[in-house]
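In what follows, a structure is listed as structure tokens, so that the remarks can point back to it.
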Amino acid sequence: MARRLRGIMDAMSTGENGRSRKVLVTGAAGYIGSHTCVVLLEAGWDVVGVDNFDNSSPVALERVAELAGRPIDFVEADLRDSAAIDAIFAEHDVDAVIHFAGLKAVGQSVAEPLLYHDTNVGSTISLLGAMTRAGVFDLVFSSSCTVYGSPDVDAMPLIESSPTNAVSPYGRTKLFIEEMLQDVAATDQPWRVLSLRYFNPVGAHPSGRIGEDPVGIPNNLMPYAMQVAVGVREELSVFGGDYPTPDGTCIRDYIHVVDVAEGHLAALDALDTVEGFEPINLGTGVGSSVLEVVAAAGRAVGTPVAHRIVDRRPGDAVTVYADPAAALQRLGWKATRDLDDICVDHWRWQQKNPNGYR
Ligand code: NAD
Ligand code: UFG
């Protein structure tokens, strides 16, 4: 039904002459999901979100509606509950799905691999089954540059056909899911799947109302640095100062979360041009070292972020950044915000919400 209506819907300007197009967003209350919901609602998409709040708060959804000035439909459910997901498709005329829901902590995935395979792979199997039963075949999936493993520096920038090689259970769930998506896309069902491989999403909505709210001690650089700046933590440990990079610290492609969110809007619009399965990098193409991030965070905060160089963290790749050309060519999208924008916005969120949503 949803699919048959698609041609008619495409001809309509969104929000006028009848209903808007509707997207189901899994993991809607999470960090990237919440920012994407704001962008989608602002662009005229109707949104129904689903989340089990395993790593998020209902407050994020209240703030999404507040920022967008529009309501968001929401169902609290675990994606592995097939009956609950079937019920969402029965109640809502869904045109497309953006699938964020999953677990993402690399270290936890090493300790609890079955939890990661069950949650990430299991949720996706459940979702794909429900989509098939509902006749909805348009999907945007949250993948990660982790699927490229720990590539050599001379392999930069990474393109979509760069070799894949996951080095953690978390990374393997992303690779397995991508392979599963290729399998379903190769059937005679009319799947159109974009797998967006994010590099390092950071920053927050410029309002300071929504942002990343890590539980416990942050694993990642930006939230840790900002917690040091706001006084929740004493000092940032910089993992390794003797890498073969200009300042000795690792290089990553940090991308503003609102740029990532806008990439999803562009991806939904580009699904019409997709045949089967297609992976796309979402990065800026610019690599920044840990010390460059620390310096930018200090500029945003107005005072240096206390840090000390310590031993390397096992498993870190030296340098990872994207070639974003395919995203521009296929989605008409490119990142527009730089590292200073990222730090200013992340700092605003951190200052206004020193304890996150709690
Ligand atoms: P997040 O933890 O903030 O959001 C994920 C959301 O999914 C959470 O709200 C969580 O409660 C929900 N969820 C988890 N398991 C669920 C289940 N079984 N049923 C329903 N809801 C469930 O993470 P995020 O940073 O917003 O990441 C979103 C997606 O992007 C994830 O798939 C992640 O692997 C991927 N990704 C994130 C990054 C990053 O650095 N943040 C990088 C690359 C890829
Ligand atoms: N770093 C520090 N100190 C910290 C935290 C991080 O120096 O307290 C360094 C790391 O060693 C690395 C860089 O900062 O050199 C970035 O580290 P993050 O943990 O922020 O990000 P990663 O690139 O290691 O990994 C992130 C996610 C993974 C995901 C990957 C690719 O954590 O889940 O991006 O998407 F797989």
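The values are calculated or read from the model by the stated rules, or taken from the named source; none is laboratory data. Just so we're clear, the structure is a prediction, and the values are computed from it rather than from any experiment. Glycine also receives a Cβ, built like all others from the backbone with ideal geometry; neighbour counts cover every protein chain displayed. Only protein heavy atoms, including side chains, enter the accessible area calculation; ligands, DNA and RNA are left aside. Shrake-Rupley method; radii C 1.70, N 1.55, O 1.52, S 1.80 Å.
A96 versus (1) at pLDDT 95 or above; (2) of a type outside the set (V, I, T); (3) within 18 Å of A166 (Cβ to Cβ): which is the lone unmet condition?
All conditions pass for A96, except number (3).
For segment 275-313, which positions are without any contact (Cβ under 8 Å) to a residue 60 or more places away in the chain and either farther than 21 Å from P201 by Cα or within 19 Å of the chain's Cα centre (by Cα) (or both)?
Within segment 275-313, V286, G302, P304 meet the criteria.
So which residues in segment 102-159 are within 20 Å of A77 (Cα to Cα), buried (at least 19 other Cβ atoms within 10 Å of the Cβ), of a type in the set (G, A, S) and within 13 Å of ligand 1 (Cβ to nearest atom), if there are any at all?
G102, S123, S126, A130, S142
Would you mind stating whether T124 is of a type in the set (V, I, T), at pLDDT 95 or above and more than 26 Å from H35 (Cα to Cα)? Walk me through it before giving the result.
Details: of a type in the set (V, I, T): yes; at pLDDT 95 or above: yes; more than 26 Å from H35 (Cα to Cα): no.
Taking the combined requirement at face value, the residue does not satisfy it.
Can you tell me how many residues within segment 255-287 are part of a strand (DSSP E or B) and crowded, with 23+ Cβ neighbours inside 10 Å? Spell out how you get there, then give the answer.
Residues of segment 255-287 that are part of a strand (DSSP E or B), as a first pass: 255-256, 276-282.
Then keep just the ones that are crowded, with 23+ Cβ neighbours inside 10 Å; that gives 255-256, 280-282.
Residues that pass the stated criteria total 5.
Please verify whether segment 243-262 includes one or more residues that are in contact with a Leu (Cβ under 6 Å, 6 or more places away or on another chain) and within 8 Å of ligand 2 (Cβ to nearest atom).
Yes: segment 243-262 contains one or more residues that are in contact with a Leu (Cβ under 6 Å, 6 or more places away or on another chain) and within 8 Å of ligand 2 (Cβ to nearest atom).
Looking at (1) at pLDDT 95 or above; (2) within 16 Å of ligand 2 (Cβ to nearest atom); (3) assigned to a loop (DSSP other than H, G, I, E, B); (4) of a type in the set (V, I, T), can you tell me which one V228 breaks?
Failed condition: (3).
Tell me which of these V290 doesn't satisfy, since it passes every other one: (1) within 16 Å of ligand 1 (Cβ to nearest atom); (2) closer than 30 Å to P190 by Cα.
Checking V290 against (1) within 16 Å of ligand 1 (Cβ to nearest atom); (2) closer than 30 Å to P190 by Cα, the one that fails is (2).
Filter segment 208-218 for residues that are touching a Leu at 6+ places or on another chain (Cβ under 9 Å) and either among the aromatic types (F, W, Y) or open to solvent by less than 30 Å² (accessible area, probe 1.4 Å) (or both) and give the result. Full working, then the answer.
Within segment 208-218, the first condition is being touching a Leu at 6+ places or on another chain (Cβ under 9 Å), and the residues that meet it are 209-210.
The one that is touching a Leu at 6+ places or on another chain (Cβ under 9 Å) and either among the aromatic types (F, W, Y) or open to solvent by less than 30 Å² (accessible area, probe 1.4 Å) (or both): I210.
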